[in-house]
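The values are calculated or read from the model by the stated rules, or taken from the named source; none is laboratory data. Treat the numbers as computed from the prediction; the structure is a model and nothing was measured. Cβ placement follows ideal geometry from the backbone for every residue including glycine, while neighbour counts extend to all protein chains displayed.
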Amino acid sequence: MNQPVVVSQEGGVGRLILNRPKAINALNDEMVDLMSAALRKWREDEAVKAVVLSGAGERGLCAGGDIVSIHRDAKALVDAGAGDAEATACPSAVFWREEYQLNSEIAKFPKPYVALMDGIVMGGGVGVSAHANTRVVTDRTRLAMPETGIGFVPDVGGTHLLSQIPDRLGVYLGLTAASINGADAIALGIADHYVPAADLDAFVKAVSATTVDEALATYAQKPPASDLYAQRDWINEAFAADSVAEIVRRCEAVGTEAAEKAAATLRAKSPTTLAVTLRALRNPLPTLDEALAREYRVSVRCVRSHDMAEGIRAQVIDKDRNPSWSPAEIGDVTEADVDAFFAPLPEGLELTIVNP
């Protein structure tokens with residue numbers, strides 16, 4: 001059980017258990033490699049009828065990626081004044097290439113891929129679960145794309161997922177980095193089935209003993225009402241604005257506690273990455289693979305930017321929760337600033353998804 005991903009086969013079911021519980025199963029290079037190898041094997045193995053993904057420990061499926069190592073890369077690149085070539089060669093960018101390829105392969109997996117989105121599911125954890133064809137949430141699910149709080153932009157196909165959520169609820173989640181529960185995830189269309197956490201072990205055994213559909217018929221329940229979905233009217237109006245500054249103004253005009261909290265949250269995030277996130281969500285691309293390729297461009301520009309190094313420092317390294325963004329004000333971000341994140345990378349440096 002020392003492997004960071006426990007790979008096994010049980011009764012015709014391939015099991016992937018993310019196995020770094022002390023780190024809430026945060027992804028690293030080895031984990032991505034192990035998952036990719038297993039899925040490529042199982043897609044061709046007629047003995048494997050389904051795959052089940054879960055996380056070890058009680059805290060959650062996956063809290064994302066290795067933020068500390070990303071900070072090392074970002075700080076070194078910023079200090080060196082590095083360009084795109086240096087940024088795409090850094091360990092974080094090399095990892096993103098493999099991670100985004102895995103996200104694409106999960107979305108195209110030809111057999112039932114059951115993601116147990118129990119507990120904390122954030123960032124990279126969303127990437128290995130929310131693109132699945134069978135997404136199971138629980139009463140313990142806490143799902144989020146928290147990137148804007150560290151000077152980053154939703155990746156792992158997050159812009160693709162969020163842009164498809166109606167009533168601008170995806171724009172709200174992408175900009176505010178708010179976490180949602182299992183009932184919210186189903187109401188928003190980023191999960192499919194609700195199984196109480198206490199029933200997960202029995203559910204997995206039933207998948208092995210019968211089929212995914214039969215196991216779901218036995219253990220899936222109607223989820224509770226979604227509190228977030230009930231707020232869709234004011235969110236739809238406020239987050240329809242064409243700029244972050246106007247979204248903040250509209251939230252403040254709504255005047256409810258939830259709207260005022262959203263406005264305050266936005267004021268605390270990186271102005272630049274808020275503007276970049278809004279641009280990506282306002283201009284969705286037709287396919288996941290296209291979104292991943294664009295996200296890779298943006299991620300490379302983020303990792304050599306001041307705000308990502310500073311955001312991780314403030315939230316994770318020094319934990320003073322007081323980042324010094326550049327520029328500091330939402331209104332000071334220019335169109336040219338945003339354009340630079342989306343500009344094509346030099347020849348040979350773009351992400352190309354390879355179909356398995």
Legend entry - Conditions (1) under 19 Å from the mean Cα position of the chain (by Cα); (2) part of a helix (DSSP H, G or I); (3) aliphatic (A, V, I, L, M); number of the one not met by LEU16: (2)
Inset, instruction - Specify which of the listed residues (ALA309, ALA293, ALA340) is touching a Lys or Arg at 6+ places or on another chain (Cβ under 7 Å) and over 14 Å from LYS269 (Cα atoms). - result: ALA340
Inset, instruction - Kindly check whether there is at least one residue in segment 45-61 that is modelled with pLDDT under 95, part of a loop (DSSP other than H, G, I, E, B) and within 25 Å of ARG140 (Cα to Cα). - result: yes
Inset, instruction - With the condition kept exactly as written, say whether any residue in segment 210-232 is assigned to a helix (DSSP H, G or I), of a type in the set (Lys, Arg) and modelled with pLDDT of 95 or more. - result: yes
Legend entry - Set THR256, THR210: member being touching a helix residue (DSSP H, G or I) at 6+ places or on another chain (Cβ under 9 Å), within 30 Å of SER8 (Cβ to Cβ) and exposed (fewer than 15 other Cβ atoms within 10 Å of the Cβ): THR210
Inset, instruction - Name the one entry in ALA187, ALA191 that is touching a helix residue (DSSP H, G or I) at 6+ places or on another chain (Cβ under 6 Å), crowded, with 19+ Cβ neighbours inside 10 Å and closer than 20 Å to LYS111 by Cα. - result: ALA191
Legend entry - Among (1) crowded, with 21+ Cβ neighbours inside 10 Å; (2) aliphatic (A, V, I, L, M); (3) under 22 Å from ALA93 (Cβ atoms), the one test that VAL333 misses: (3)
Legend entry - PHE152 vs. criteria within 30 Å of ARG304 (Cα to Cα), touching a Cys at 6+ places or on another chain (Cβ under 8 Å) and buried (at least 23 other Cβ atoms within 10 Å of the Cβ): yes
Inset, instruction - Using the structure shown, decide if ALA209 is in contact with a strand residue (DSSP E or B) (Cβ under 9 Å, 6 or more places away or on another chain) and more than 27 Å from ASN322 (Cα to Cα). - result: no
Legend entry - Qualifying helices (runs of 4 or more DSSP H) (wholly inside segment 278-356; at least 1 residues being closer than 30 Å to PRO166 by Cα, of a type in the set (A, V, I, L, M, F, W, C) and in contact with a Leu (Cβ under 8 Å, 6 or more places away or on another chain)): 288-303
